[in-house]
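Notes to accompany the following structure.
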Amino acid sequence: MNDAPTPAELEVLAKQAGLDKLPAEYKAELLSAYTHLTAMLARLPHARPYADEPAHVFVPTTFAREG
């Protein structure tokens, strides 16, 4: 979603996030924040292979003392 959401879409997104009881005065701020968030997400690379992420595995033999 690159464009700003409609008020109805924003209402659905807010409800899914547990923000359905958000005061009306914060809705414009939520819309602004969501617009900035989607712009930042669009800048992240999407098609990266799993090999680019290092394995989070501790191998104790790597740190064994020699001799």
**Message:** Filter the range 18-29 down to the residues that are assigned to a helix (DSSP H, G or I) and modelled with pLDDT of 90 or more and list them by number.
**Reply:** Y26, E29
**Request:** Can you give me the number of residues within the range 26-38 that are small (G, A, S) and surrounded by 15 or more Cβ atoms within 10 Å (Cβ to Cβ)?
**Result:** 0
**Message:** Could you list, ordered by first residue, the pairs with Cβ atoms under 8 Å in which the first is in the range 1-25 and exposed (fewer than 12 other Cβ atoms within 10 Å of the Cβ) and the second is assigned to a helix (DSSP H, G or I) and among the small types (G, A, S), at least 6 apart or interchain?
**Reply:** N2/A42; D20/A14
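The values are calculated or read from the model by the stated rules, or taken from the named source; none is laboratory data. Because the structure is a prediction, the values reported are computed rather than measured. Positions of Cβ are backbone-derived with ideal geometry, glycine not excepted, and every protein chain shown enters the neighbour counts.
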